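Here is the structure we will look at, set down as structure tokens.
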Amino acid sequence: MATETTPSGTPATADRSTELVNRLLKFPEETRLDLAHLLLDSVKRGFTSLGEAEARDKQLVRSRLDELASGKAKLISAEDFLADLERPYQKGAAK
């Protein structure tokens, strides 16, 4: 991370950014993957804090439950779900 690419352009900022990245890279692989997913989601979904992400997730669950309660959406059984999921692969194996 070069000094020229830092937001404030100060060597101190570059040093802190480099130090943070180096520390994060020492985390176990699974932790780094979780962090990467979180950061990508923050960009895709536009949240800036874990609290905001949690509030959005709760709102999504509420809206889906409302759709179920109003009849706009219907549940299917686990057996039907798995059958639907397996169907394309069963057709491919029969060729």
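Each reported figure results from applying straightforward, stated rules to the coordinates on display, with no laboratory input. A quick note: this is a predicted structure, and the numbers were derived from the prediction, not measured. Methodologically, a virtual Cβ is constructed for each residue, glycine included, from the backbone with ideal geometry; neighbour enumeration extends over all protein chains shown.
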**OP:** Could you please give the count of residues in the stretch 39-67 that are free of Cβ contacts under 8 Å to residues at least 12 places away in the same chain and under 10 Å from the mean Cα position of the chain (by Cα)?
**Re:** 6
Subject >> Unique residue being under 29 Å from Arg45 (Cα atoms), charged (D, E, K, R) and surrounded by fewer than 11 Cβ atoms within 10 Å (Cβ to Cβ) when the list is Lys91, Lys58 >> reply: Lys58
Original post:
Is it true that some residue in the stretch 68-88 is acidic (Asp, Glu) and under 23 Å from the mean Cα position of the chain (by Cα)?
Top reply: no
